[in-house]
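Structure record follows, encoded as C-alpha cells.
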Amino acid sequence: MVDTTSAVSEQPPSQAAQQPIGLFEAFLFWLKLGFISFGGPAGQISIMHQELVERRRWISEKRFLHALNYCMLLPGPEAQQLATYIGWLMHRSWGGVIAGALFVLPSLFILIALSWVYVAFGEVPVVAGIFYGIKPAVTAIVVHAAHRIGSRALKNGWLWAMAAASFVAIFALNAPFPLIVLVAAIIGYLGGRFAPSKFVIGGGHGATKNSYGPALIDDNTPTPEHARFSWGHLLRLLLVGAALWVLPMGLLTLSFGWDGTLTQMSWFFTKAALMTFGGAYAVLPYVYQGAVGHYGWLTPTQMIDGLALGETTPGPLIMVVAFVGFVGGYVHPMFGAEHPFLAGAIAASLVTWFTFLPSFIFILAGGPLVESTHNEMKFTAPLTGITAAVVGVILNLALFFGYHVLWPKGFAGTFDWPSALIAIAAAIALFRFKRGVIQVLLACALAGLAVHMLRI
C-alpha cells in the first residue's frame, strides 16, 4: 500500500505550480511560445499541452481539453484561440490579449522580412532554386493534410458524400467557398437532428484519464468571476470589438476610398477570418479565389511560395495572409513607387489585424457563452458537416497546386519531371516515414537548389 500523502508531499514542481502565476511570468512564456510554435495546429497544441498541462501545471488536462473542444467549434486558428483562452482564464482580458498577440507577432515580423527577401531577391539563382524545390513539397504537404483530416473526419458514407460533393462544387462548378461552408453547415445541422449517429465523430479531443498532479486551474477549480457569463460584459466586449474594426476601416475608407487596395484587403480578410472552419488549409481556396483570381494581388506561383513560407515560420499557418498582404502592397504601392516596402509592411500588418480580430472577440466575448454549449449536438453537428466538406476543398487545392507546379506553362507546355520526383519523394517522406513538415521542406529546398543550379 502506497502512502499517497507522502508521495504528494515529495512533488515540489506540482506544489509550486499551484502558486499564483504573475502576469509577467505568463508574458515570458507566451513570448517564448510565439517563437517555437512550429508544426501547425497539432504541433502547437502539443507544445502547449506539454508545457502547461504536464510540466508547469498551470491548467489540468480536463480543463485544457474542455477549452480546446470549444475553440474547435469556432472559425479561426484553434491553437491561437486556445492560447488566448488560457491567458484569459488566468489573467482576465489582458492576459488573453497578451497570449493571443504573442502567438502571432513573431510570425508577422519574420514573414514581413522573408516576404521582402522573396519579392526583392526572388530572381537570384539561389533563392529561385530553393523555391523550385519547395513548390512540389507544398503540393505533397497539402495532399497529406487532406488525408490527415479526411481519415479523422470521414467516418461514414454520408460524410464521404459531403466531401465528394464539395470537391465537385469547387472544382467543376467553381462555387464560392463561403457558399460551400454554409450549405455544409445546414446539412450538418439537419443531419444532427434527423440522423445524429451519422454526425458524431468519435475520438479526437475527447476526455482523458491522464493525471499529472494538482494544477493551478484544476478540474474542480471554480470558474473565476471574470469568466462567468454576463449580458453586460458580453455587450461591452462586442462594442469594443466593433469599434476596433470600424475605426481602422473607416480611416482606410476616408484615406484611400472603398476601392483602395488597403481597404479592400481589410474587408476581404475580415470575411476570410469568418471562413476558417477546419483550419488554414480550408480557407486557402477562398483566399486564392479572391487574392489571385478576383483582385490580382499576387500570382498563383506566388501563392504557392507564400504557403511554403508560412509552413517554415512559427505561428498559425493562416499567417500566410501576411505574405499575401505584403506582396499585394509591395506590387501595388499606395505610398509612391519609392516606398514599396512600407506599403507591403503596412498591408501585411492590416491584413493580420483584420484576420485575427474576430478570434479575440470570439474568445473574450463569447467564451463563457460558447463553453456552456459544449457537446450539444445542435452546435457540434454543423461543424462535423463543415469538416467533411473541407476535405473536398483541400483536395481541390492540392490539384490546383499540382497543376501549377508540374505544368508551370500550362498543359500546352512541358511536364516538369524533376518537380514531380521531388513531390513524390516528399509524399513518401510524409506518408511512409512520418517526417515533419520542416524536415521535408528543407530537404526539398536543397534538392530544388541542386536541380536549378545544374540547369544554369
Which residues, counting only those in the stretch 407-420, are in contact (Cβ under 8 Å) with a residue 24 or more places away in the chain and open to solvent by 30 Å² or more (accessible area, probe 1.4 Å)? Pro408, Pro418
All conditions in (1) open to solvent by 10 Å² or more (accessible area, probe 1.4 Å); (2) more than 23 Å from His144 (Cα to Cα); (3) touching a residue at least 40 places away in the same chain (Cβ under 8 Å) are true of Leu383 except (2)
Taking first residues from the stretch 155-177 that are farther than 13 Å from Gly188 by Cα and second residues anywhere that are among the basic types (Lys, Arg), the pairs with Cβ under 7 Å that are 6 or more apart or on different chains are Asn156/Lys198
Counting only residues that are in contact (Cβ under 8 Å) with a residue 12 or more places away in the chain and assigned to a loop (DSSP other than H, G, I, E, B), how many does the stretch 224-275 have? 7
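Out of the helices (runs of 4 or more DSSP H) lying entirely within the stretch 296-374, which hold 1 or more residues that are free of Cβ contacts under 8 Å to residues at least 24 places away in the same chain and surrounded by 18 or more Cβ atoms within 10 Å (Cβ to Cβ)? Step through it out loud before you land on a result.
Values: elements: 300-311, 320-331, 340-371.
Output list reads 300-311, 340-371.
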Return the total of residues in the stretch 190-215 being crowded, with 18+ Cβ neighbours inside 10 Å and either in a helix (DSSP H, G or I) or modelled with pLDDT of 85 or more (or both). 3
Within the stretch 105-160, take every residue that is assigned to a helix (DSSP H, G or I) and among the basic types (Lys, Arg) and give me the one that is surrounded by the most Cβ atoms within 10 Å (Cβ to Cβ). Lys135
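Counting only residues that are under 21 Å from the mean Cα position of the chain (by Cα) and part of a helix (DSSP H, G or I), which one in the stretch 171-189 is farthest from Tyr288 (Cα to Cα)? Reasoning before the result, please.
Within the stretch 171-189, the subset under 21 Å from the mean Cα position of the chain (by Cα) is 176-182, 184-185.
Going one step further and asking which of them are part of a helix (DSSP H, G or I), we end up with 177-182, 184-185.
Values: Phe177: 10, Pro178: 13, Leu179: 15, Ile180: 15, Val181: 16, Leu182: 19, Ala184: 20, Ala185: 22 Å.
Top of the filtered list is Ala185.
Matching residues to (1) farther than 15 Å from Phe356 by Cβ; (2) modelled with pLDDT under 90; (3) open to solvent by 10 Å² or more (accessible area, probe 1.4 Å); (4) over 19 Å from the mean Cα position of the chain (by Cα):
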residue	(1), (2), (3), (4)
Gly241	no, no, no, yes
Val246	yes, no, yes, yes
Leu252	yes, no, yes, yes
Trp258	yes, no, yes, yes
Leu262	yes, no, no, yes
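The values are calculated or read from the model by the stated rules, or taken from the named source; none is laboratory data. Computed from a predicted model, the values in this text were never measured in an experiment. Every residue, glycine among them, receives a Cβ derived from its backbone with ideal geometry; neighbour counts consider all protein chains shown. Note: accessible area is taken over every heavy atom of the protein model, side chains too, but ligands, DNA and RNA are not part of it. Shrake-Rupley method; radii C 1.70, N 1.55, O 1.52, S 1.80 Å.
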